[in-house]
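Beneath this line is the structure, given in structure tokens, with notes to follow.
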Amino acid sequence: SYSRVLAHYPCVVFSAVLVFSLTCLVVVVTLGSPPTFDDPKLGFEARGTVISNRLRAFEELLDTTHDGFFEHRAPSGQNGRHRRQLNPTIDPKVGTRDEADVEMEIQVQSLDGDVSNISYTHEAFFCDAPSRIYARIVFHSSGDLFTLRSIQIMCSIEKDLIRSQPTFHSACIHTSRTKQCCRSWSLGNYIAMLRNKTSCLHISEMDVYTVQKLLRRCHDYYLDGLLTADCFDPGGGGGGSSLCRGVPRECVRHNAVYHLLYHITDSEYIIGGDLKYAVSFLPVAAGVGCESLYQSIESMLPMEESSVAVVAMDFGIKQELFDHYLQRDSVWFALALCSLFLCMWLYTCSLFVTLMSVVSMALSLICAYFFYALVIEVSFFPFMNLLTAVILLGIGADDVFICCKMWTLAKLEKNAGTLEKLVSDMLKHAALSMFVTSLTTSAAFFAGYVTHITALKCFALFSGIAVICNFVLMVTWIPATLVFHEKWCLQCCFCLGPPEYDSGRSPCYYLCLVPRKLYSAFCDTARLFFSKGLPWVVVRLRYLWLVTFGLLGVGSIVIVFYHPRLKLPSSDNFQMFAHSHPFEVYDLQMKKHFSFEVQTEQINMPLTVVFGAKSVDNGNHFNPFSKGELVHQPGFNPAAPASQRWLLEFCRKLRTAEYYQPQHGMQLTNCFIENFVQYMKRSCEDPMGIRLTPCCESSSFPFSEPIFNRCMEDYLDLMGRTSHLLQHHSPAGLRYSNEDSSLVGLVIEFSSTLSFSLNYAVVQSFFEKTESFMDEALSSAPDELQGGWFISFLDFYDLQRSIAYGTPIAIGVSLAIATLVAFLTTLNLLVTVYAMFSIAFAIFTTIASLVLLGWELNILESVTISIAVGLSIDFSLHYGMAYRLSPDLDREMRVVSAIVRMGSPVAMAAFTTFFAGAFMMPSTVLAYRQLGTFLMLLMTVSWLYGTLFFLSLLCVAGPQGGFGQLHWPSCSLCCCYCCFHSEHRDKTVYAMSESTMSTSSANHANHSEVHELEPLTAKESKKRPPHLNAWRHSSQESTDVFDFPDSPIPDAMVTPIPQTNGCHPSESLAQNKTNGIRSNQSDAP
């Protein structure tokens, strides 16, 4: 049997598992490619939805076709066009100097390139105008920044802390003559320029007052739109732009006033009074070129002097820093691992078992990655998969605690005379408990597979596989570890073993004297808490817990679904770092304070209809790089007379749509058929006397296919020569293949009245109404134009929609699987229902707490919420199993027995996972910090609901006796009875010594746990050994603390009087147990 192999050949099991794991590692290293996280947002997109299929098909159509008359324009995908139009900004023209005065020797070709060699030939005060292409910092003051003291502090901070860095000179833009870095575009430098001072450190109180007065005088012209970026007067002597004729000369001098109001000061200044925020544009191009500069000044953050501080930055390097922070934050993961290691060592009392447990978790991740990358062949590994390592720490620790607890109880059984029986008893109960929790946890992870978001699919798959691998190692590696430790490691001194080995006053005895006393005191306190204190709290105060946590659960449901409710993301900005990081402060808080960030070009949602391409995404949905190929619509032919007639009518109908908005200027491509019909109405003879037949008025509409195709070539040639007449470039029109120039598609596009919005409800109404209108209009299309579909700027809406629908489905599937597993495990309907109530309330309370913390249902949040079921169900299932298997008939005694048996491992599992999350809180990467917050909340809430609410439910209305208890068919019971109770005589009895029975590789159970496994392995009618009767008699007084005069005291509740050494049985107890074991061994062969 498997137990015999583990008992007699643990090294074989070790070797088999280790060889397989190392083979997986070697194969992954040699054949696979290591994951990279250059773009953390990669995979945060929906795949497989109706909208995403259309977006992919439209993108592929634009990538593989051209429009016939804009062939000089490189094809661009829809996504690229979308992103360029989502965040366009009005970038003011240079207004501080004439182009003839300042010439750049080398143009900035790429923001991501080396810009250290950019220089200017003219020595102007500023090298350029402030622009978003430059790195910038934001100053804040609790008072007024527009004072001499505050301005000089800002100048000194920039000079002493930023410009003094060696990396600044190598990254800055400098002048060609002096080779000095250009001046920053800051409040102080603009004042210095307007007052003819050389530096902001040399300005006076009068200079500040004069410029402030100038800004107030010119502010109205700025608000009225008269003072713009085109207004500039280099010397202040007049001239300026003809567009700004009414603006006073002092307001347009160097265009300084405009830049101060538009770029430097916050938008609330002047109107609100004091200046609270001010931007300083550094002469460093934003991008990877200033990454070294930021790393050199990061250690000096926060930069603060007096009441002035640098509160935000934008260096354009968030994605570049992400990989760096992932590596740096690994130190917090290491600390979480160390805390887990210490807790496991204290619980198992064995350094060897603890080390092997940590190794098993590492091997689980290696095997999981092998199956993920090479067996299932998923090439994309999102950074969110790294969160699995943190989660696996808690899951693995929980399983180790259960194994060690069952091992201890098995050793205390009266018939535990052979090592094989120890292993068998431990596996019968620990394996079942771990299987149930692993199955529900992995099912909760796999339930995330129902989502359409690529990164979430990959996370669900990898984490589910990791939990399964962890379970396999827990039933192979850990039992072999316990057997190996039992045989060969008990004599090792690690300060947590029993003192019997150190009775000779060895150096080990004196080295471990103090630690052992502290540990013994801690164990005695813990034993009393779980055997007396916690049962008293649960049983005596059960009605209080039911009312308190019941109301809390109901209130949490109100918070999640009613007010303030869990909201969908309201911004497409992907937050990578903690809220306090200066880059995130700029993106999340500072942008709204400055006009150059707020004022963006108005974008309307387009009404785009596509023909000729099927809306399918045949790429690999697990790989964001796999775009798929364009699938053409069979029979597509817009040249057919029926198609021409229908298209003309369709365009007229579109103009009656609710969201249609007329556009000014010539729109030659929106609906090509309208302009083509007008083109065909021209005279058949041009002014030069050239005959234009048949592409003229001699041909009547609808045109025959030969005439349509021939005249379309002339029409497209004419459009190509008059493209300057178009108001904007659009993908609308006929689409021709890049390979053979065949007609493969048609795009019709009009503008809508709806401006682009991130509001889910607004865009949802737009999509549903327009989709309904389009379906009705397209239903009458001829066979040559069948299969058309509508699309717009809907990718962010599709992401919101996938999260909104996918997360509840994942939670529902997880709960359904958990309910099924709980019922099949306990076979008791009441216990299952109570467990589900407890789990549901725990989940809603956790989510409500996150809502009150300001969380929105974004990508990372949806991951944590979906796995809540898998992580919170363990505690209730452990207690439910213990209640179900208790030998008592009275519900109160069953609850007490469940607490005594499972209280300590459940509490340790919650404690270790809580601390693993706590150590992730200082992380810079937001995903780690959010996971830490989630784990701490979930573990706290789940433990409280599992221990206080669930057990109180069982104590008040739990099943008694056999009420509500189902059983498997009798034939199965007979088979199981034959298997478990058939006599087997082991020819290689492991004669356990006194030291073997007085110690354990796991935490040594308190004396009340002597017969906790007996209801599972033997009938209640079996006779107890004589020494157990003495223990029961001597412990009657200790059980009176619960004062249950009419309830029998179960064997599991027997609490002996003899003194103990911490968590270890005392010598008298060890001697009693040894006598019992020796009597059993005398019957062995």
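Is region 393-408 home to any residue that is touching a residue at least 60 places away in the same chain (Cβ under 8 Å) and open to solvent by 40 Å² or more (accessible area, probe 1.4 Å)? If you could, list the steps in order and put the result at the bottom.
Restricting attention to region 393-408, the residues satisfying the condition of being touching a residue at least 60 places away in the same chain (Cβ under 8 Å) are 393-408.
Filter once more, so that each one left must be open to solvent by 40 Å² or more (accessible area, probe 1.4 Å): none.
Scanning region 393-408 turns up no residue that is touching a residue at least 60 places away in the same chain (Cβ under 8 Å) and open to solvent by 40 Å² or more (accessible area, probe 1.4 Å).
Right, SER838: modelled with pLDDT of 90 or more, farther than 30 Å from GLU658 by Cα and surrounded by 19 or more Cβ atoms within 10 Å (Cβ to Cβ) or not? Please lay out each step first, then the result.
Working: modelled with pLDDT of 90 or more: yes; farther than 30 Å from GLU658 by Cα: yes; surrounded by 19 or more Cβ atoms within 10 Å (Cβ to Cβ): yes.
Criteria met by SER838.
Quick one: would you say VAL831 is touching a residue at least 40 places away in the same chain (Cβ under 8 Å), within 20 Å of VAL895 (Cβ to Cβ) and open to solvent by less than 10 Å² (accessible area, probe 1.4 Å)?
The answer is yes for VAL831.
Among the listed residues SER339, SER296, identify the single one that is more than 30 Å from GLN152 (Cα to Cα) and open to solvent by less than 50 Å² (accessible area, probe 1.4 Å). Please lay out each step first, then the result.
Numbers: SER296 fails: more than 30 Å from GLN152 (Cα to Cα).
Result of the check over SER339, SER296: SER339.
Within region 25-68, count every residue that is basic (Lys, Arg), closer than 29 Å to LEU926 by Cα and at pLDDT 90 or above.
1
Only one residue in ALA640, ALA657 is within 22 Å of ASP67 (Cα to Cα) and either more than 33 Å from the chain's Cα centre (by Cα) or loosely packed, with under 12 Cβ neighbours inside 10 Å (or both), so which one is that?
ALA640
Looking only at region 601-619, which residues are within 30 Å of TYR660 (Cβ to Cβ), open to solvent by 10 Å² or more (accessible area, probe 1.4 Å) and touching a helix residue (DSSP H, G or I) at 6+ places or on another chain (Cβ under 9 Å)?
GLU601, ILE603, LYS614, SER615, VAL616, ASP617
Here are PHE146, PHE125: which of them is among the hydrophobic types (A, V, I, L, M, F, W, C), surrounded by 17 or more Cβ atoms within 10 Å (Cβ to Cβ) and modelled with pLDDT under 90?
PHE125
Working only within region 170-223, note down all residues that are of a type in the set (Lys, Arg), over 19 Å from LEU145 (Cβ atoms) and part of a helix (DSSP H, G or I). Outline the logic, then answer.
Kept after step one, since they are of a type in the set (Lys, Arg), are these residues of region 170-223: 177, 179, 183, 195, 197, 213, 216-217.
Then keep just the ones that are over 19 Å from LEU145 (Cβ atoms); that gives 177, 179, 217.
Matches in region 170-223: ARG217 only.
Which of the residues that make up region 551-596 are within 25 Å of ASP266 (Cα to Cα) and open to solvent by 40 Å² or more (accessible area, probe 1.4 Å)? Before the answer, list the steps.
So in region 551-596, the residues within 25 Å of ASP266 (Cα to Cα) come out as 570-575, 577-596.
The answer is SER570, SER571, ASP572, ASN573, HIS579, SER580, LEU588, GLN589, LYS591, LYS592.
Could you tell me whether SER156 is closer than 25 Å to VAL208 by Cα, modelled with pLDDT of 90 or more and surrounded by 21 or more Cβ atoms within 10 Å (Cβ to Cβ)?
On the way: closer than 25 Å to VAL208 by Cα: yes; modelled with pLDDT of 90 or more: yes; surrounded by 21 or more Cβ atoms within 10 Å (Cβ to Cβ): no.
Considered against the rule, which asks whether it is closer than 25 Å to VAL208 by Cα, modelled with pLDDT of 90 or more and surrounded by 21 or more Cβ atoms within 10 Å (Cβ to Cβ), SER156 comes out as no.
Please state which of the following conditions LEU22 fails to meet, knowing it meets all the rest: (1) outside any loop (DSSP other than H, G, I, E, B); (2) at pLDDT 90 or above; (3) surrounded by 14 or more Cβ atoms within 10 Å (Cβ to Cβ).
(3)
Looking only at region 768-785, filter to residues that are in contact (Cβ under 8 Å) with a residue 40 or more places away in the chain and not aliphatic (A, V, I, L, M); which one of those is nearest to MET605 (Cα to Cα)?
Restricting attention to region 768-785, the residues satisfying the condition of being in contact (Cβ under 8 Å) with a residue 40 or more places away in the chain are 769-770, 773-774, 777-778, 780-785.
From the residues that got through so far, the ones that are not aliphatic (A, V, I, L, M) too are 769-770, 773, 780, 782-784.
On the way: LYS769: 14, THR770: 11, PHE773: 16, SER780: 25, PRO782: 28, ASP783: 29, GLU784: 28 Å.
Step by step, filter region 768-785, then rank; the result is THR770.
Do the conditions hold for CYS684, that is, is it without any contact (Cβ under 8 Å) to a residue 40 or more places away in the chain and not charged (D, E, K, R)?
In short, yes.
Given region 900-1001, what helices (runs of 4 or more DSSP H) lie entirely inside it while holding 2 or more residues that are modelled with pLDDT of 90 or more?
Passing ranges, in order: 926-944, 951-957.
Could you check TYR805 against (1) assigned to a helix (DSSP H, G or I); (2) within 23 Å of PHE549 (Cα to Cα) and say which number it fails?
Unmet condition: (2).
Filter region 853-874 for residues that are within 25 Å of GLY396 (Cβ to Cβ) and among the acidic types (Asp, Glu) and give the result.
Selection gives GLU861, ASP874.
Per-residue answers, yes or no, for (1) aromatic (Phe, Trp, Tyr); (2) surrounded by fewer than 24 Cβ atoms within 10 Å (Cβ to Cβ); (3) without any contact (Cβ under 8 Å) to a residue 12 or more places away in the chain; (4) not assigned by the TED database to the domain that holds ALA397:
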residue	(1), (2), (3), (4)
ALA822	no, no, no, no
LEU827	no, yes, no, no
GLU856	no, yes, no, no
SER876	no, no, no, no
ARG891	no, yes, no, no
VAL900	no, no, no, no
VAL906	no, no, no, no
PHE914	yes, yes, no, no
GLY917	no, no, no, no
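Counting only residues that are on the phi > 0 side of the Ramachandran plot and modelled with pLDDT of 90 or more, how many does region 174-206 have?
Residues flagged as on the phi > 0 side of the Ramachandran plot and modelled with pLDDT of 90 or more within region 174-206 amount to 1.
Based on this model, can you work out whether MET313 counts as buried (at least 18 other Cβ atoms within 10 Å of the Cβ), outside any helix (DSSP H, G or I) and outside the structural domain of ILE395 (by the TED database)?
yes
The values are calculated or read from the model by the stated rules, or taken from the named source; none is laboratory data. The model shown is predicted, which means the values in this text are computed figures rather than measured ones. Using ideal geometry, Cβ is built from the backbone for each residue, glycine included, and neighbour counts are taken over all protein chains shown. These accessible areas exclude ligands, DNA and RNA; they are computed on the full protein's heavy atoms, side chains included. Shrake-Rupley method; radii C 1.70, N 1.55, O 1.52, S 1.80 Å.
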